[in-house]
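Since the structure comes first, as structure tokens, the remarks are kept for the end.
The values are calculated or read from the model by the stated rules, or taken from the named source; none is laboratory data. It should be emphasised that the depicted structure is a prediction, and the values quoted were computed from it without experimental measurement. Cβ coordinates were reconstructed from backbone atoms using ideal geometry, including for glycine residues, and neighbour counts include every protein chain displayed. SASA here: full protein model, heavy atoms, side chains in, ligands and nucleic acids out. Shrake-Rupley method; radii C 1.70, N 1.55, O 1.52, S 1.80 Å.
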Amino acid sequence: MKQYDDIIIGFGKGGKTLAADLAKRGRTVAVIERSDKVYGGTCINIGCIPTKTLVHAAKSADRDASWEEKQAHYRRAIGQKEEVTSFLRQKNYHNLADNPQITVYTGVGSFAGPDVVEVRMT
């Protein structure tokens with residue numbers, strides 16, 4: 001059984017910021033996130049960033065384009081959104097996982113006792 005000074009469940013803005021700060025203080029930290037598709041939290045993956053990327057693409061769309069041209073523009077916009085979110089997700093992951101004080105687990109964390117957290121790997 002591995003031991004850590006701190007265990008954080010959730011890789012969102014609060015979790016990643018706290019983990020980095022604790023590691024900077026020399027503490028060993030485990031960060032648990034249920035899916036590798038949400039490293040970095042809601043804003044990066046399904047909220048702010050994807051929305052802003054798609055809104056920007058929509059503003060540049062040709063309203064008079066043919067149906068086929070609109071479909072192609074939409075596919076490009078979705079691709080660009082995926083590229084941006086993937087880049088940011090990986091950057092956030094490496095900002096923590098590359099720190100020797102931090103271990104990232106992809107799984108579901110739950111309390112098994114007052115001082116024990118289990119991780120069911122996904």
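A protection proxy built from the mean count of other Cβ atoms within 10 Å ranks the segments 5-16, 110-121, most packed first, as 5-16, 110-121. Average accessible surface for segment 19-122: 67 Å² per residue, computed with a 1.4 Å probe over protein heavy atoms with every protein chain in place.
Out of the total accessible area of the chain (probe 1.4 Å, heavy atoms of protein only), what percent is carbon and sulfur? Could you put the intermediate results ahead of the total?
Working: 4420 of 8240 Å².
C and S atoms contribute 54 percent here.
The count of lysine pairs in segment 14-122 that are at least 8 places apart or cross chains, and whose C-alpha atoms lie under 17 Å apart, stands at 10. Extension gain for the segment ARG63 to VAL117, taken as residue separation times 0.36 nm less the Cα-Cα distance, is 14.1 nm to one decimal.
Let me know the charge dipole size of segment 14-93 about its Cα centre in debye, to the nearest 20, where only the beta-carbon of Lys, Arg (+1) and Asp, Glu (-1) is charged.
440 debye
The slack in the chain from SER35 to TYR74, taken as 0.36 nm per residue of separation less the alpha-carbon distance, amounts to 11.4 nm. Considering only alpha-carbon pairs that sit under 8 angstrom and 6 or more positions apart, the relative contact order computed for the chain is 30 percent. Each label point was placed 7 Å from the Cα along the Cα-to-Cβ direction; for ARG25 and HIS94 their separation is 2.8 nm. Estimated from helical segments only, the mean residue ellipticity of the chain at 222 nm is -16000 deg cm²/dmol, where each DSSP H run of four or more residues counts as -39500 (n - 2.57).
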